[in-house]
Structures are given as C-alpha cells and as structure tokens.
Amino acid sequence: MTYMSGNKQVAVITGGNGGIGKSIARSLLRDGFFVVLADLKDEVADTARDLENETNGNILGMMADVTDFTSTVELFNNIRRETATESVSVLINNAGITRDATIRKMTYEQWDQVMRVNLYGAFNCTKQVVEGMIGNHFGRIINISSISRYGNRGQANYAASKAGLVGLTLTLARELGKYGITSNAISPGIINTEMISTIPAEILKDYENKIPSGRLGKPEEVAELISFLCSEKASYINGEVININGGFFF
Ligand code: NDP
C-alpha cells in the first residue's frame with residue numbers, strides 16, 4: 001500500500017521511537033507534516049499506528065539502522081516510494097545512544113558504537129536528503145546535539161559525537177544555505193526520557209537541584225522548539241546551536 005503524502009511536506013525523524021522522537025512526531029503531525037519515524041526495532045510501526053490514531057495525522061514507522069549507510073539508502077528509497085514524494089522537507093537527526101565510562105575504562109567498542117549512531121548516523125541520513133532538498137529549493141536539517149558537547153565526565157564518546165554534530169551543522173549551513181536549506185542544532189539539557197534512566201539516582205538528584213529552572217526538561221518542550229525551527233517563521237535561522245536546558249550547564 002502506498003501512502004501518498006498529498007500536498008503535505010515529509011518530515012523524517014530518526015530514533016523516532018524514543019521519548020524525544022515521539023514528542024517531535026506529535027508536534028510535527030499537529031503542524032500538518034507527513035511524518036516518518038525511523039528506528040532500529042519493528043515496534044516503531046506500532047508506535048506510528050498509535051500516533052496516527054491519537055492525532056489523526058499521516059505517519060509511517062520504518063525500521064532502519066542509521067549506522068549502516070546501505071540501510072539509510074533503503075530507508076529513504078522506501079520513504080520516497082511510500083509517500084510518492086521526490087524530496088524530504090525535514091530531517092531530524094535524533095537517533096542517539098550513550099555508553100558512558102571514564103576515559104580510563106572506556107573500551108574501543110563503547111567509543112565506536114556511540115560515534116557510529118550519533119555522528120555517522122547523522123551523516124548517513126543527511127546524504128540521503130541533500131540532493132532532493134537542493135532540487136526543491138527547500139529543506140530543514142536539525143541535528144540533536146547535547147549539553148554534553150561542552151564536555152562531561154564519563155562521556156568522552158558522547159560529548160565528542162555531540163560536538164561533532166555541531167561541526168556538521170555549521171558546515172551544512174554554509175554549504176546549503178543558498179539552496180533554501182537551513183541547518184541548525186539544538187542542545188538539550190537533561191530531558192526526562194528513557195535515556196536518562198542510566199544516570200544514577202543521586203547524580204540525577206544533584207543535577208536537578210542545580211538546574212536554574214528547578215526541574216528536568218520535558219520532551220514536549222524540545223519538540224516545540226523543533227516545530228518552530230521547521231516553520232516558515234524560522235526561515236532566517238541558519239547555522240545556530242540553540243540550548244534548551246532550563247539554564248543548566250554541567
Ligand atoms: P531514547 O533512548 O528515548 O531514544 C533514542 C532512540 O534512538 C531509541 O528509540 C533508539 O532505539 C534509537 N536508536 C538507537 N540506535 C539507533 C540506530 N542505530 N538506528 C536508528 N535508531 C536508533 O533517547 P531520547 O529520546 O532521550 O534522545 C533523543 C536524542 O536526544 C538523542 O540523540 C540524545 O542523545 C539527545 N539528547 C537527549 C537528552 C536527554 O536528556 N534525554 C539530552 C540531550 C540530548 P533503541 O531504544 O532500540 O536503542
């Protein structure tokens with residue numbers, strides 16, 4: 001079955017089955033996008049069906065491994081076929097993992113896994129959309145960086161990957177701005193999703209006490225910023241890295 005996107009613009013969210021990904025999907029569905037959630041496990045199809053029922057919007061869930069270039073080629077071929085659209089309008093590079101350890105204990109595998117998902121994944125997906133966006137003279141690329149980009153104990157791999165995303169973002173802005181494409185990164189603080197369940201309770205409490213806004217962030221708050229960056233209102237914001245962290249820095 002082919003799901004025509006009609007006159008709707010197509011927005012792709014990687015890691016779309018996660019806490020922030022689902023919230024972004026809700027906001028973009030409300031904004032009238034045809035949304036594609038891409039994620040590792042087949043549960044993503046159920047998530048998409050649930051969100052379709054909840055919002056009455058147009059959404060598909062597709063399995064893909066962003067670390068695998070061939071998998072991303074297939075993903076975007078499937079998206080173009082299923083939505084009968086030549087060009088994806090919005091790409092949110094949101095898939096991300098942590099494998100925390102101090103540099104003395106960090107293994108090569110921990111370093112490699114995080115770089116492959118967080119940084120290579122963004123490159124692989126960006127490569128699949130750039131030519132279509134140039135042809136369409138429109139595009140929004142949003143990379144989800146992190147407060148850890150400034151450096152954080154136990155996160156050499158994650159911090160390096162998230163700082164790397166900033167370099168990618170700023171370069172895309174310089175190269176693609178003239179084609180009507182904006183490239184921005186957002187840098188969330190501590191957002192209440194599954195990802196932070198690996199932070200020990202006492203450390204999380206300590207962070208919470210130090211957050212000037214007095215609480216953890218909500219995925220919906222991140223999603224609203226992304227919704228704005230995807231809108232016409234944000235057409236002159238390009239090459240920015242926007243913190244959304246309640247005023248908190250490590
Ligand atoms: P989640 O762990 O809830 O979601 C991440 C999603 O990415 C998961 O569904 C995960 O699948 C998926 N994923 C992992 N590897 C791959 C892969 N190879 N290909 C495709 N999908 C994959 O995390 P959040 O929603 O909290 O995080 C979303 C983004 O926001 C991440 O980039 C994260 O680094 C960033 N961020 C989060 C913060 C927070 O405090 N929560 C703070 C700052 C930034 P699976 O579950 O199967 O592994």
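List of remarks:
- Sparse packing (at most 16 other Cβ atoms within 10 Å of the Cβ) combined with a DSSP loop state is found for the following trypsin sites (Lys or Arg not before Pro) in region 24-86: Lys41.
- Rough spin-label spacing in nm, given labels placed 7 Å along Cα→Cβ, for Arg81 and Glu224: 4.0 nm
- Considering helices alone, the calculated mean residue ellipticity of the chain at 222 nm is -13500 deg cm²/dmol, with DSSP H runs of length four and up weighted by -39500 (n - 2.57) and normalised per residue.
- Residues Ser197, Ser161 arranged by fewest to most Cβ contacts within 10 Å: Ser197, Ser161
- Per-residue Cβ neighbour counts within 10 Å put Tyr150, Tyr207 in the sequence Tyr150, Tyr207, beginning with the fewest.
- Links that overshoot a 26 Å alpha carbon limit, given the list Lys22/Lys233; Lys41/Lys205; Lys8/Lys218: Lys41/Lys205; Lys8/Lys218
- Mean projection of the Cα convex hull over all viewing directions, computed for region 1-98: 5.8 nm².
- Of the residues Ala95, Ala173, Ala38, the one that moves most in a GNM of the chain with alpha-carbon contacts below 10 Å is Ala173.
- Length released on extending from Ile103 to Glu208, taking residue separation times 0.36 nm less the Cα-Cα span: 35.3 nm
- Centre separation in Å (Cα based) which lies between region 38-80 and region 167-194: 21 Å
- Under the span-like rule (Cα at least 15 Å along the axis, Kyte-Doolittle mean at least 0.5), DSSP H helices of the chain: 156-176, 219-230
- Three-way shape call for region 109-224 based on the alpha-carbon gyration tensor, with the a/c threshold at 1.5: prolate
- Cα-based shape type of region 162-227, given that a ≥ b ≥ c are square roots of the gyration tensor eigenvalues and the cut on a/c is 1.5: prolate
- Pair-distance distribution of region 59-176: all C-alpha pairs, bin width 10 Å, starting at 0; shares per bin in whole percent are 14, 41, 30, 13, 2.
- Our estimate of slack between Asn192 and Ser231, defined as 0.36 nm per intervening residue step minus the Cα-Cα distance, is 11.5 nm.
- Selection of trypsin sites (Lys or Arg not before Pro), region 166-241, meeting DSSP coil and at most 14 other Cβ within 10 Å: Arg215
- Among Phe33, Phe228, Phe138, the largest mean-square fluctuation in a Gaussian network model of the chain, built with springs joining Cα atoms closer than 10 Å, belongs to Phe228.
- Computing Rg and the Kirkwood Rh from the Cα coordinates of the chain gives a ratio, Rg/Rh, of 0.95.
Any read-out appearing in this document is the output of simple, stated calculations on the displayed coordinates, not a laboratory observation. Just so you know, these numbers come straight off a predicted model, no measurement behind them. Note that each Cβ is placed from the backbone with ideal geometry, even for glycine, and that neighbours are counted across all protein chains shown.
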